[in-house]
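Chemist: Below: one structure in structure tokens.
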Amino acid sequence: MGTPGLPVVIDTDPGIDDAIALMLALSGPELDVRAVTTVGGNAGLERTTENALRLLHLLGRDDVPVGAGADQPLVRRDSLPAESIHGTDGLGGIRLDPAPRGADRRTAVELVRDVVEASAEPVTLIALGPLTNVAALLAASPGVAARLGGIVMMGGGARVLGNMTPTAEFNVWYDPEAASRVLASGVPVTMVGLDVTRRARTVPADWAALHGGGPVARAVLGMVEFYTGFYRATSGTDAIAQHDALAVASVMRPGLLTTRRLHVDVECAGSLTRGMTVVDLDGVGAGDARTEVALDVDDRAFAELLVERVVGLDARTRAGAG
Ligand code: RIB
Ligand code: CA
């Protein structure tokens with residue numbers, strides 16, 4: 001029996017790239033996914049929760065508890081799900097079999113609290129959506145926050161600022177107050193932002209080995225086809241950014257990213273800059289440099305890891321190693 005993986009909880013808003021990130025997280029021994037918690041973002045909470053349950057069932061992981069969290073941001077009421085990007089069902093219209101179980105009776109915050117308190121080792125929180133649940137956890141359970149092994153968030157940007165507006169990345173834009181509180185909390189945060197996730201791309205040809213594959217392969221091909229259609233229509237490219245999978249991969253392979261410890265603030269009030277992560281790249285401000293900001297990525301190594309692991313998932317699931 002190999003050494004157990006790093007204990008993690010994944011907070012997510014599946015979401016096509018979230019789904020592929022979850023597949024990567026469950027593709028090998030590196031991570032011990034103790035729980036999945038869901039948040040509204042790419043789709044509404046009811047949909048992201050159902051998607052998480054169905055994805056775990058597809059991967060043979062009905063054992064992983066799913067805790068539903070926040071549907072709405074902490075303060076804002078004008079954030080709308082990104083249905084144009086991920087489809088009204090959040091997964092590009094693929095039809096996954098229903099899971100044989102529902103969400104855990106505990107909320108996302110209660111579930112993470114219990115997982116962290118029961119763990120002998122520090123638990124790393126990987127946040128792939130708006131940070132509403134994470135901010136709520138830190139506020140409700142400061143003792144739990146102190147026991148986290150760290151927070152790895154997909155979100156924001158240092159030099160590459162926005163994909164939702166010219167100055168804001170979607171996850172931070174969706175709930176800027178939550179992001180601001182998480183970054184100011186003192187819990188060690190690694191920010192995997194657009195500077196690196198924009199380079200973490202796959203193209204349709206990368207997934208050629210999935211054709212003729214099993215249920216996981218069919219699901220991935222369906223999601224990639226939908227996501228590629230969005231990128232072709234909006235950016236004229238068929239190279240899709242695997243934002244969330246890079247955040248997961250960075251925990252599995254820390255060497256993939258180059259980071260600098262910098263001060264990061266979040267603009268919550270600006271009319272043009274709501275959700276902007278203000279990264280003090282030159283250290284000219286007075287803020288403490290406490291956030292590890294990803295500024296470079298080995299994009300080829302990432303893509304190779306992602307494709308190899310996802311292509312192997314049907315065999316892994318059949319073997320019951322899910
Ligand atoms: O900006 C990219 C992020 O927004 C990803 O997490 C994607 O899933 C969307 O939620
Ligand atoms: Ca996401």
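Chemist: Take the conditions in contact (Cβ under 8 Å) with a residue 12 or more places away in the chain and under 22 Å from T317 (Cβ atoms) and apply them to L59. Does it pass? Walk me through how you get there before you give the answer.
Modeler: On the way: in contact (Cβ under 8 Å) with a residue 12 or more places away in the chain: yes; under 22 Å from T317 (Cβ atoms): yes.
The answer is yes for L59.
Chemist: Another question about this same structure. Just the residues that are among the basic types (K, R) and under 24 Å from P7 (Cα atoms), please, taken from the stretch 133-179. Walk me through how you get there before you give the answer.
Modeler: Taking the stretch 133-179 as the starting set, the residues that turn out to be among the basic types (K, R) are 147, 159.
R147, the sole residue that qualifies.
Chemist: Separate question: Among the candidates L6, L53, single out the residue that is away from ligand 2 (no atom under 16 Å from the Cβ) and open to solvent by 10 Å² or more (accessible area, probe 1.4 Å). It would help to see each step written out before you state the result.
Modeler: On the way: L53 fails: open to solvent by 10 Å² or more (accessible area, probe 1.4 Å).
Among L6, L53, only L6 is away from ligand 2 (no atom under 16 Å from the Cβ) and open to solvent by 10 Å² or more (accessible area, probe 1.4 Å).
Chemist: Right, here's the next one. Consider the stretch 20-41. How many of its residues are open to solvent by 10 Å² or more (accessible area, probe 1.4 Å) and near ligand 2 (Cβ under 10 Å from one of its atoms)?
Modeler: Residues in the stretch 20-41 being open to solvent by 10 Å² or more (accessible area, probe 1.4 Å) and near ligand 2 (Cβ under 10 Å from one of its atoms): 0 in total.
Chemist: Can you tell me how many residues within the stretch 81-120 are surrounded by 13 or more Cβ atoms within 10 Å (Cβ to Cβ), more than 22 Å from D17 (Cα to Cα) and either within 19 Å of the chain's Cα centre (by Cα) or not acidic (D, E) (or both)?
Modeler: 10
Chemist: Output the residues belonging to the stretch 289-321 that are touching a helix residue (DSSP H, G or I) at 6+ places or on another chain (Cβ under 7 Å) and β-branched (V, I, T).
Modeler: Answer for the stretch 289-321, where residues must be touching a helix residue (DSSP H, G or I) at 6+ places or on another chain (Cβ under 7 Å) and β-branched (V, I, T): T291, V297, V307, V310, V311, T317.
Chemist: Determine the pairs where a residue that is farther than 16 Å from F170 by Cβ, located within the stretch 34-49, has a partner that is in a strand (DSSP E or B) and within 13 Å of ligand 2 (Cβ to nearest atom) with Cβ atoms under 6 Å apart, the partner being 6 or more residues away or on another chain.
Modeler: So the pair list comes out as V36/I10; T37/D11; T49/T38.
Residue-wise test of (1) open to solvent by 20 Å² or more (accessible area, probe 1.4 Å); (2) within 16 Å of the chain's Cα centre (by Cα); (3) away from ligand 1 (no atom under 16 Å from the Cβ); (4) within 30 Å of A241 (Cα to Cα).
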residue: A139; (1), (2), (3), (4): yes, no, yes, no
residue: V144; (1), (2), (3), (4): no, no, yes, no
residue: G149; (1), (2), (3), (4): yes, no, yes, yes
residue: P166; (1), (2), (3), (4): yes, no, no, yes
residue: A184; (1), (2), (3), (4): yes, no, yes, yes
residue: T197; (1), (2), (3), (4): no, yes, no, yes
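The values are calculated or read from the model by the stated rules, or taken from the named source; none is laboratory data. Computed from a predicted model, the values in this text were never measured in an experiment. Ideal geometry is used to build each Cβ from the backbone, glycine not excepted, and the neighbour counts take in all protein chains shown. What goes into the accessible areas is simple: the full protein's heavy atoms, side chains included, and nothing from ligands, DNA or RNA. Shrake-Rupley method; radii C 1.70, N 1.55, O 1.52, S 1.80 Å.
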